[in-house]
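Chemist: Please see the structure below; I have some questions.
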Amino acid sequence: MQGFNMGRYVPPDVEGTISGNALNRKHALGSRASKLRTEGILTVRFEMPFGVWCGTCSKPTIIGQGVRFNAEKKKVGAYYSTPIWSFRMRHADCGGVIEIRTDPANSEYVVTEGGTRRDTGDDKDDSLVSSGALVGGVGEILTGKEKDALRGNALRHSKRPLRTAPC
């Protein structure tokens, strides 16, 4: 019985001793693994995790989140025992190379070559939080006297005259 050998013929005398892929010197992943033995590179389908400004395009061009590329995946290092992966892909518009690496220390991706991450303004490192003015997203806690003093100062420095409610 031939079994599931992807249509490759295995002669009856070697059946069961060697796989069809090994007999025909093929890899199970096909052409995606052509650089796997020599350079350690596997071609994978990579989806952009966030918007990226392309650094090689002549006009400012943004590559949107969710755009898919055929990327070369390669192990470039380790953070303790966690591998750091590099994903290199070509931008279809300009042909420039963009490289994104995993950052296990911060649990995110980092653009290392060919572009910059799009700044959406929702950084965790907000200037008010880092300066101590905001703690946990809440302003400084004031006493009742301090609140009244601030209200009084706000009304005194107002340029418009105060309207009084009719009695």
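The values are calculated or read from the model by the stated rules, or taken from the named source; none is laboratory data. Remember, predicted model here, so these are calculated numbers, not experimental data. In this analysis, Cβ positions are derived from the backbone assuming ideal geometry, glycine residues included, and neighbour counts consider all displayed protein chains.
Chemist: Pairs please, first residue from the stretch 47-61 and touching a residue at least 24 places away in the same chain (Cβ under 8 Å), second anywhere and in a strand (DSSP E or B) and of a type in the set (Phe, Trp, Tyr), Cβ atoms under 6 Å, 6+ apart in sequence or on different chains.
Modeler: Listed pairs, sorted by first residue: 49/109.
Chemist: Does residue 17 satisfy the condition of being β-branched (Val, Ile, Thr), surrounded by fewer than 17 Cβ atoms within 10 Å (Cβ to Cβ) and at pLDDT below 90?
Modeler: The answer is yes for residue 17.
Chemist: Inside the stretch 88-123, can you point out the residues that are among the hydroxyl-bearing types (Ser, Thr, Tyr) and surrounded by fewer than 10 Cβ atoms within 10 Å (Cβ to Cβ)?
Modeler: Answer for the stretch 88-123, where residues must be among the hydroxyl-bearing types (Ser, Thr, Tyr) and surrounded by fewer than 10 Cβ atoms within 10 Å (Cβ to Cβ): 107, 120.
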